[in-house]
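Below you'll find the structure, written out as structure tokens, and then a few comments.
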Amino acid sequence: MARRRVGLWLVGAFGGVGTTMTVGLAAMARGLSDQTGLTTDLPAFRDLPLPAPGDFVVGGHEIRETTFDASAEEFRAASGVFDAEWLRACREELAAASARVRPAPRYGLSPTVAKLGDWNASAPVGTARQAIDQIAADLEAFVKAEKVDHLIVLNVSSTEPPFRTATAHETIDGLEAVLDRPGDPVLPSSSLYALAAFRGGHTYINFTPSLGASFPAAHALAEKTGALYAGKDGKTGETLMKTVLAPMFAARNFKVMSWVGHNIFGNRDGVVLDDPTNKSSKVETKDKVITEILGYKPASVVSIEYVPDMGDWKTAWDHIHFKGFLGTKMALQFTWQGCDSLLAAPLGVDLARLADLEKRRGGKGLMKHLSCFFKGPEGDPENDFFKQFAHLEAYAAKANAESR
């Protein structure tokens with residue numbers, strides 16, 4: 001029996017996360033690496049009919065003209081990650097994946113992100129509809145050429161500034177009426193990919209804090225075509241710690257008076273987040289989880305600073321000042337240091353594997369059970385990591401029972 005082919009279309013393909021996912025899938029498929037770091041390798045998930053690393057066919061869109069091989073070598077030199085022997089062994093897979101990456105339409109990009117782009121092979125677009133049409137055409141060509149059974153569009157591109165939606169974004173008809181409007185972007189780039197994916201009934205997952213599919217017209221289109229979606233903003237490091245520690249303070253009835261988090265890192269995401277308008281999107285999702293878990297808002301500061309020499313190594317230092325019994329004031333501090341893309345990439349693989357499982361089960365619309373992977377989970381106000389993960393385990397148990 002032929003293996004199921006799952007298309008993984010990476011938006012921002014040659015970035016740190018996209019490159020790490022592509023290298024990781026190739027290395028795991030070749031047996032060069034185990035699956036440490038994958039939630040879907042835990043016992044609760046191992047018996048599920050999930051796609052194997054070698055079942056994925058990688059393609060994508062990018063604004064920078066390079067290759068996965070070149071990006072991986074650059075990444076290895078700057079951050080000391082990836083085994084050089086693995087890269088040599090996987091060169092064929094990386095070259096094949098690079099050949100499936102297409103130049104992205106230059107529409108809806110923030111000025112800071114646009115400056116990173118040097119790939120102008122595609123025809124210029126002047127409206128949102130033209131951009132969506134180009135993306136959709138590339139997606140369908142990929143599905144046809146690679147004989148893909150299920151296409152997953154995963155947004156791992158740079159963070160966009162906050163985008164204020166309007167009445168036109170409430171309904172499909174309202175949105176259709178403005179897609180041909182020239183001038184200021186009707187939608188940011190992340191949302192163009194969501195609409196193009198939904199148009200074809202494909203899955204869209206937003207791993208960034210950008211708008212993506214988070215507006216009513218997009219939800220309506222997904223419902224109309226039966227597309228799956230999930231997001232937003234992958235929960236990988238400091239915020240993961242917040243959603244683990246905040247429930248402890250709540251359960252012990254400690255009063256958190258202030259929570260200060262300071263982040264430094266130096267990759268391209270750091271370049272983009274050095275722009276205050278782009279940074280504000282990330283700060284919002286990192287900051288609000290504490291309030292949602294505790295039920296009140298302590299004094300808080302979240303800072304994100306670009307330090308070029310850090311490379312992909314991100315360091316977060318948090319100081320939590322809290323009040324305990326008889327008004328005694330105490331403090332907890334922690335330092336989190338991790339390789340940003342190596343923390344994010346396995347979650348991207350997990351999300352793609354679980355999305356394909358849901359597709360096989362006949363699912364449609366929002367995949368709420370994936371909320372534990374996100375800082376701002378779509379349609380789910382719950383941010384307590386343990387409660388979120390319990391929902392995922394319950395989903396896995398049900399899926400396991402159905403497959404027996």
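The values are calculated or read from the model by the stated rules, or taken from the named source; none is laboratory data. Note that the structure is predicted; figures quoted are calculated from it, not measured. Don't worry about glycine lacking a Cβ; one is built from the backbone with ideal geometry, like all the others, and counts go over all protein chains shown. Just the protein is used for accessible areas: all its heavy atoms, side chains included, with ligands, DNA and RNA removed. Shrake-Rupley method; radii C 1.70, N 1.55, O 1.52, S 1.80 Å.
Determine which member of the set 264, 205 is of a type outside the set (Gly, Ala, Ser), part of a strand (DSSP E or B), touching a residue at least 24 places away in the same chain (Cβ under 8 Å) and within 25 Å of residue 103 (Cα to Cα). Talk me through it step by step, then tell me what you get.
Numbers: 264 fails: within 25 Å of residue 103 (Cα to Cα).
Being of a type outside the set (Gly, Ala, Ser), part of a strand (DSSP E or B), touching a residue at least 24 places away in the same chain (Cβ under 8 Å) and within 25 Å of residue 103 (Cα to Cα) holds for just one of 264, 205, which is 205.
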For residue 32, only one of the following conditions fails: (1) free of Cβ contacts under 8 Å to residues at least 60 places away in the same chain; (2) touching a helix residue (DSSP H, G or I) at 6+ places or on another chain (Cβ under 6 Å); (3) under 27 Å from residue 118 (Cα atoms). What is its number? (3)
Consider residue 243 carefully, then state whether it is of a type in the set (Val, Ile, Thr), closer than 18 Å to residue 368 by Cα, assigned to a helix (DSSP H, G or I) and touching a helix residue (DSSP H, G or I) at 6+ places or on another chain (Cβ under 9 Å). yes
I'd like to check something: does the stretch 111-126 contain any residue that is within 19 Å of residue 14 (Cα to Cα) and in contact with a Leu (Cβ under 6 Å, 6 or more places away or on another chain)? no
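Can you work out which of the residues in the stretch 299-323 that are acidic (Asp, Glu) and open to solvent by less than 30 Å² (accessible area, probe 1.4 Å) is farthest from the chain's Cα centre (by Cα)? Walk me through it before giving the result.
Taking the stretch 299-323 and keeping what is acidic (Asp, Glu), we get 305, 309, 312, 318.
Narrowing further to those that are open to solvent by less than 30 Å² (accessible area, probe 1.4 Å): 312, 318.
Working: 312: 16, 318: 23 Å.
Applying the filter and picking the extreme gives 318.
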Going through the stretch 15-60 one residue at a time, which ones are open to solvent by less than 40 Å² (accessible area, probe 1.4 Å) and among the β-branched types (Val, Ile, Thr)? 17, 19, 20, 22, 23, 39, 40, 57, 58
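Quick one: in the stretch 164-181, which of the residues that are part of a helix (DSSP H, G or I) and open to solvent by 90 Å² or more (accessible area, probe 1.4 Å) is nearest to residue 219 (Cα to Cα)? Spell out the reasoning first.
In the first step, residues of the stretch 164-181 are kept if they are part of a helix (DSSP H, G or I); the result is 167-169, 172-176.
Adding the requirement that they be open to solvent by 90 Å² or more (accessible area, probe 1.4 Å) leaves 167, 173.
Values: 167: 15, 173: 13 Å.
Checked the stretch 164-181; the qualifying residue nearest to residue 219 (Cα to Cα) is 173.
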Does the stretch 75-94 hold any residues that are assigned to a helix (DSSP H, G or I) and either under 30 Å from residue 192 (Cα atoms) or not aliphatic (A, V, I, L, M) (or both), and which are they? 75, 76, 79, 85, 86, 88, 91, 92, 93, 94
Of the residues 370, 332, which is at pLDDT 90 or above, outside any strand (DSSP E or B) and in contact with a strand residue (DSSP E or B) (Cβ under 6 Å, 6 or more places away or on another chain)? 370
Given (1) part of a loop (DSSP other than H, G, I, E, B); (2) of a type in the set (Asp, Glu); (3) crowded, with 19+ Cβ neighbours inside 10 Å, number of the condition residue 184 does not satisfy: (3)
Exactly one of 258, 214, 190 is modelled with pLDDT of 95 or more, of a type in the set (Gly, Ala, Ser) and in contact with a Pro (Cβ under 7 Å, 6 or more places away or on another chain), and that residue is 258
Condition check for residue 217: part of a helix (DSSP H, G or I) and over 24 Å from residue 385 (Cβ atoms): yes
The listed residue being part of a helix (DSSP H, G or I), farther than 20 Å from residue 204 by Cα, at pLDDT 95 or above and open to solvent by less than 20 Å² (accessible area, probe 1.4 Å), out of 97, 72, 136: 72
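Kindly evaluate residue 117 against the criterion of being over 29 Å from residue 147 (Cα atoms) and without any contact (Cβ under 8 Å) to a residue 60 or more places away in the chain. Lay out the reasoning, then the answer.
Numbers: over 29 Å from residue 147 (Cα atoms): yes; without any contact (Cβ under 8 Å) to a residue 60 or more places away in the chain: yes.
So residue 117 passes the test.
Of the residues that sit in the stretch 381-392 and are assigned to a loop (DSSP other than H, G, I, E, B) and more than 15 Å from residue 234 (Cβ to Cβ), which one is most open to solvent (accessible area, probe 1.4 Å)? I'd like the intermediate steps shown before the answer.
Keep residues of the stretch 381-392 that are assigned to a loop (DSSP other than H, G, I, E, B), which gives 381-384.
Now narrow it down to the ones that are more than 15 Å from residue 234 (Cβ to Cβ): 381-382, 384.
Values: 381: 105, 382: 52, 384: 18 Å².
Result: 381.
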